[in-house]
Amino acid sequence: AQSVSQHNHHVILSEAASLELGCNYSYGGTVNLFWYVQYPGQHLQLLLKYFSGDPLVKGIKGFEAEFIKSKFSFNLRKPSVQWSDTAEYFCAVNAQVANNLFFGTGTRLTVIP
Amino acid sequence: ETGVTQSPTHLIKTRGQQVTLRCSSQSGHNTVSWYQQALGQGPQFIFQYYREEENGRGNFPPRFSGLQFPNYSSELNVNALELDDSALYLCASSRGVGTDTQYFGPGTRLTVL
């Protein structure tokens, strides 16, 4: 069975600090990987996705993620966070032969001005 | 905004009642997936509809059922409501199954008393 682990439940950073949120998945086959963000009071939005090719993917708002197949990881990074990045971040996996997303439990990011 | 709409926004029901939630998919999308997001958790896959047929189901009992209409809008029905059904119900649409990205609506907050 597939599963997704997000190790950080709540991360608190000051503005301009660098961010890295961990995501590990368990699945033996080929996967698609996603990061979604949920800003306070808003719906889930796609931040970035990896299907194939360059394992370093860039998304919106300066976010990027790196797929490391040997570590089953897809960590999210941003070199300098802003107060407006305060949100809940979800990592999700979709096996390419399946049709549903498996989500992690989410990481709440609080950025202090 | 993704173009995926859901109604109603909020709903309060009592245990044992039945509820119907509605979702309009984004233009050009023929696939709708439903997820349940309990407080403090990531979304969990309920089922997916592709061209009016159920195309996969998560670990939810049969009292969770759905429909997809010719215009690709969808309904989620829950019978015999239980207290644990209280959650945010999310609808996501995509252009197809498998590798296609899912775009989420704002959700319906269901409270069961």
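What's the number of the only condition in (1) assigned to a loop (DSSP other than H, G, I, E, B); (2) within 13 Å of another protein chain (Cβ to nearest Cβ) that B:Ala80 fails to meet?
It is condition (2) that B:Ala80 fails.
Residue pairs, Cβ under 8 Å, 6 or more apart or interchain, first in the range A:94-108 and facing chain B (nearest Cβ under 7 Å) and under 13 Å from B:Trp34 (Cβ atoms), second at pLDDT below 85 and assigned to a loop (DSSP other than H, G, I, E, B). List them.
Listed pairs, sorted by first residue: A:Asn99/B:Val97; A:Asn99/B:Gly98.
Quick check on B:Gly66: is it within 14 Å of B:Thr31 (Cβ to Cβ) and facing chain A (nearest Cβ under 10 Å)?
So B:Gly66 fails the test.
Return yes when B:Asn59 is modelled with pLDDT under 95, in contact with a Phe, Trp or Tyr (Cβ under 7 Å, 6 or more places away or on another chain) and not basic (Lys, Arg) and no when it is not.
Spelling it out, it is not the case that B:Asn59 is modelled with pLDDT under 95, in contact with a Phe, Trp or Tyr (Cβ under 7 Å, 6 or more places away or on another chain) and not basic (Lys, Arg).
Look at the range B:87-113 and say how many of its residues are in a loop (DSSP other than H, G, I, E, B) and under 18 Å from B:Cys23 (Cα atoms).
8
Identify the residue in the range B:40-61 that is in a loop (DSSP other than H, G, I, E, B) and within 11 Å of chain A (Cβ to nearest Cβ) and, among all such residues, is farthest from B:Gly3 (Cα to Cα).
Checked the range B:40-61; the qualifying residue farthest from B:Gly3 (Cα to Cα) is B:Asn59.
Do you know which residues across the range B:65-95 are more than 14 Å from B:Ser7 (Cα to Cα) and among the hydroxyl-bearing types (Ser, Thr, Tyr)?
Result: B:Ser65, B:Tyr72, B:Ser86, B:Ser93, B:Ser94.
Determine the pairs where a residue that is away from chain A (no Cβ under 13 Å) and closer than 13 Å to B:Arg51 by Cβ, located within the range B:14-33, has a partner that is outside any strand (DSSP E or B) and not polar (S, T, N, Q) with Cβ atoms under 7 Å apart, the partner being 6 or more residues away or on another chain.
Correct list of pairs: B:Ser25/B:Val4; B:Ser25/B:Tyr72; B:His29/B:Tyr72; B:His29/B:Arg95.
Just one of (1) over 24 Å from B:His10 (Cβ atoms); (2) surrounded by fewer than 19 Cβ atoms within 10 Å (Cβ to Cβ) trips up B:Gln48, so point out which.
Evaluating B:Gln48 over (1) over 24 Å from B:His10 (Cβ atoms); (2) surrounded by fewer than 19 Cβ atoms within 10 Å (Cβ to Cβ) leaves (2) as the failure.
Could you list all residues from the range A:76-87 that are surrounded by fewer than 18 Cβ atoms within 10 Å (Cβ to Cβ) and within 13 Å of the chain's Cα centre (by Cα)?
A:Arg77
The values are calculated or read from the model by the stated rules, or taken from the named source; none is laboratory data. Note that the structure is predicted; figures quoted are calculated from it, not measured. In this analysis, Cβ positions are derived from the backbone assuming ideal geometry, glycine residues included, and neighbour counts consider all displayed protein chains.
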